[in-house]
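A short write-up of the structure that comes next.
The values are calculated or read from the model by the stated rules, or taken from the named source; none is laboratory data. A quick note: this is a predicted structure, and the numbers were derived from the prediction, not measured. So basically every Cβ, Gly included, is an ideal-geometry build from the backbone, and we count neighbours across all protein chains shown.
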Amino acid sequence: MKRIVTVQDISCFGKCSLTVALPVISAMGIETAVIPTAVLSTHTGGFKGYTFRDLTGDIEGIAQHWKSIGLKFNAIYTGYLGSKEQAEIVSKLFDDFSDDDTFIIVDPAMGDSGRLYAGFTDEIVTEMKKLCSKADFIIPNMTEASFMLGLPYTEDYDEKYIRDILVKLSQLGCSRPVLTGVRLDDRRHGAAAYDSQSGQFYFSFRDNINRIMHGTGDIFASVFTGAVTLGKSLEQSLEMAVGFTYDCITETLPVADEVWYGSCFESCLGKLIAYVNEK
């Protein structure tokens, strides 16, 4: 059985980060270990008065114990990291727990809609760039890509612009960047990827649904991570991640006012298992 470790925060209520990654990757038939970077009572998207406990001081102890018992991983997948210190610790995790057969996947979760998340500065952008330089795959959205490349954020672009962004992302040191939240017109929404070794670009789209849903980026990144770990190609992994994310969005639409804090991925997991088993 393949084994992944994912490093990100956990919200006790709300469908994002570890509460998405753990069930989704497990449903794909992959053993999933976790290193929580923080514990929140809820996620921060729309909730007020949430509690927050930083777990930075616990990460190195977890890693040391794992090293002492000889744990190995087929992939290391990182999501939201709340500080420069956490990013530096994760960089060391890459060194300690990866070898030539370990995929490193970085979701540089630090912004959306043209803005960094509250409390983030250019310092975290610099640290994320360093992490991305060590990764086999990175999964930024358009905002995160713009900040890491020092480019102005725009929603007015064409396919050539997306290709140029992907090439520039590969020049950070990651050979296979993936770009999410790509819209080439008002009708299609999806993601794009680039294999710098072959020079091949890949695009995957579904019908555009003009509604914001929390946790969809985490769903995409989790499925993509699971797919590449299982040996799917870059093109197959991109298509699976876009397809399942779209399934979750359409499943949520009828109850979106009630389940405003996330996407109804749970009832779609059967479809994900079927995707995994497709040849």
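When residues in the stretch 1-58 are screened for being within 19 Å of MET110 (Cα to Cα), surrounded by 17 or more Cβ atoms within 10 Å (Cβ to Cβ), in contact with a strand residue (DSSP E or B) (Cβ under 9 Å, 6 or more places away or on another chain) and not aliphatic (A, V, I, L, M), 13 of them pass.
Table: residues versus (1) of a type in the set (A, V, I, L, M); (2) free of Cβ contacts under 8 Å to residues at least 24 places away in the same chain.
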site: LEU166; (1), (2): yes, no
site: ARG187; (1), (2): no, yes
site: ALA191; (1), (2): yes, no
site: SER198; (1), (2): no, yes
site: SER222; (1), (2): no, no
site: THR225; (1), (2): no, no
site: LEU230; (1), (2): yes, no
site: ALA241; (1), (2): yes, no
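Condition check for TYR50 on (1) of a type outside the set (A, V, I, L, M, F, W, C); (2) outside any loop (DSSP other than H, G, I, E, B); (3) farther than 18 Å from ILE76 by Cβ: one failure, at (2). Contact map, the stretch 29-47: first residue farther than 16 Å from HIS65 by Cα, second residue charged (D, E, K, R), Cβ cut-off under 6 Å, separation 6 or more or different chains; pairs are ILE30/LYS2; GLU31/ARG3; THR37/ASP9; ALA38/ASP9; ALA38/ASP54; VAL39/ARG53. Screening the candidates GLY181, GLY119 for the property of being touching a residue at least 40 places away in the same chain (Cβ under 8 Å), surrounded by fewer than 21 Cβ atoms within 10 Å (Cβ to Cβ) and under 24 Å from GLY215 (Cβ atoms) yields one hit, GLY181.
Answer yes if at least one residue in the stretch 59-77 is of a type in the set (Gly, Ala, Ser), in a loop (DSSP other than H, G, I, E, B), surrounded by 12 or more Cβ atoms within 10 Å (Cβ to Cβ) and touching a residue at least 12 places away in the same chain (Cβ under 8 Å), and no otherwise. For the stretch 59-77, residues of a type in the set (Gly, Ala, Ser), in a loop (DSSP other than H, G, I, E, B), surrounded by 12 or more Cβ atoms within 10 Å (Cβ to Cβ) and touching a residue at least 12 places away in the same chain (Cβ under 8 Å): absent.
Among residues of the stretch 206-232 being aliphatic (A, V, I, L, M) and in a loop (DSSP other than H, G, I, E, B), the one that is surrounded by the most Cβ atoms within 10 Å (Cβ to Cβ) is MET213.
Rundown of residues vs (1) surrounded by fewer than 19 Cβ atoms within 10 Å (Cβ to Cβ); (2) in a loop (DSSP other than H, G, I, E, B); (3) of a type in the set (A, V, I, L, M), yes/no style:
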| residue | (1), (2), (3) |
| --- | --- |
| PHE244 | no, no, no |
| PRO254 | yes, no, no |
| VAL259 | yes, yes, yes |
| ALA274 | yes, no, yes |
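Does THR180 satisfy the criteria of being over 16 Å from ILE138 (Cβ atoms) and polar (S, T, N, Q)? No: the conditions fail for THR180. Of all residues assigned to the stretch 129-136, at least one qualifies as being of a type outside the set (Lys, Arg), within 30 Å of GLN86 (Cβ to Cβ), surrounded by fewer than 16 Cβ atoms within 10 Å (Cβ to Cβ) and at pLDDT 95 or above. Looking across the stretch 154-164, the residues that are exposed (fewer than 14 other Cβ atoms within 10 Å of the Cβ) and in contact (Cβ under 8 Å) with a residue 24 or more places away in the chain come down to GLU155, ASP158, GLU159.
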